[in-house]
1. Given the pairs Lys94/Lys168; Lys38/Lys179; Lys33/Lys179; Lys63/Lys165, which are separated by over 21 angstrom at their Cα positions?
2. Where does each of 110-122, 26-38, 176-188 land if you order them by average Cβ count within 10 Å, highest first?
3. Please give every one of the aspartates and glutamates within straight-line cross-link reach of Lys46, meaning a C-alpha to C-alpha distance under 14 Å, and leave out same-chain neighbours fewer than 8 residues apart.
4. Using 7 Å Cα-to-Cβ label points, what is the Asp109/Ala129 separation (nm, one decimal)?
5. For Lys179, project a label point 7 Å along Cα to C-beta. Then give me every residue of the range 38-57 with its amide nitrogen under 18 Å of that point.
6. Can you give the Kirkwood hydrodynamic radius of the chain from its Cα pairs, in Å with one decimal?
7. Which cross-chain or sequence-distant (5 or more) residues have an amide H under 5 Å from the amide H of Asp154, H modelled 1.01 Å from N in plane?
8. Between Glu162 and Tyr188, what is the FRET efficiency for a Förster distance of 30 Å, r being their Cβ-Cβ separation, to the nearest 0.05?
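Read-outs: derived from the displayed coordinates by stated rules, not from any lab. Because the structure is a prediction, the values reported are computed rather than measured. Backbone-built Cβ (ideal geometry, glycine too); neighbour counts: all protein chains shown.
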Amino acid sequence: MPITRRLVAASLSLVALAPSLVHAAPAPAFTAKDIDGKTRSLAEFKGKVVVLEFVNEGCPYVKKHYSGNMQGLQQAATADGVVWLSVASSAPGKQGYFADGAAARTWLDAKGAKPTTLLLDSDGAIATAYKAKTTPHMYVIDRSGALVYQGAIDDVPSAKVEDIKTAKNYVAAALADVKAGRKVAVAYSQPYGCAVKYKDA
């Protein structure tokens, strides 16, 4: 079996085991330091649409989407008033760990990434609260603070860049539904990617 297919199969077998959060329930509160050392919280963004993107810079699936797809989505969303929070939850010594905000900023700048900010979550507190399973794992929170989308970024679970152009982007679709005042058509999808690198994983 090719390496990419083995990676996908392993990821999907992992994510199927853990339950997701309750749809339309209040999104779990959190507090964390961002790359500038500032304490940020979900409460700070009350009344705004928020995207959470769990990220691991060493993951092949993250690298796929950071070939330009994720940056474009970030830029379009933030230009529309959406708060985009990338969350780095890899534990010390694990793939994707950022030792400090400077290391995270260096990576963001190198990739031309456009999130509102990146949160340092090396203890896995935010990831645990959201039951994040993979990188990427995406969440959309509406203006009322309700979780209206959780899951994959799109519907093609591969690490191949060429698959992006034919994929349906669930996050873009969810944001469009929220902006239009519609119920999010696809509120949950099975996430795919590398397993979140929790301390005890």
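1. Values: Lys94/Lys168 31 Å; Lys38/Lys179 29 Å; Lys33/Lys179 29 Å; Lys63/Lys165 15 Å.
Listed pairs above 21 Å: Lys94/Lys168; Lys38/Lys179; Lys33/Lys179.
2. Details: 110-122: 19.7, 26-38: 15.8, 176-188: 13.7.
Top to bottom by mean Cβ count within 10 Å: 110-122, 26-38, 176-188.
3. Correct list for Lys46: Asp142.
4. According to this spin-label approximation, the distance is 2.9 nm.
5. The answer is 48-52.
6. Working: mean 1/r = 0.0600 Å⁻¹.
Taking every pair of different Cα atoms in the chain, averaging 1/r and inverting gives 16.7 Å.
7. Tyr170
8. The value I calculate is 0.70.
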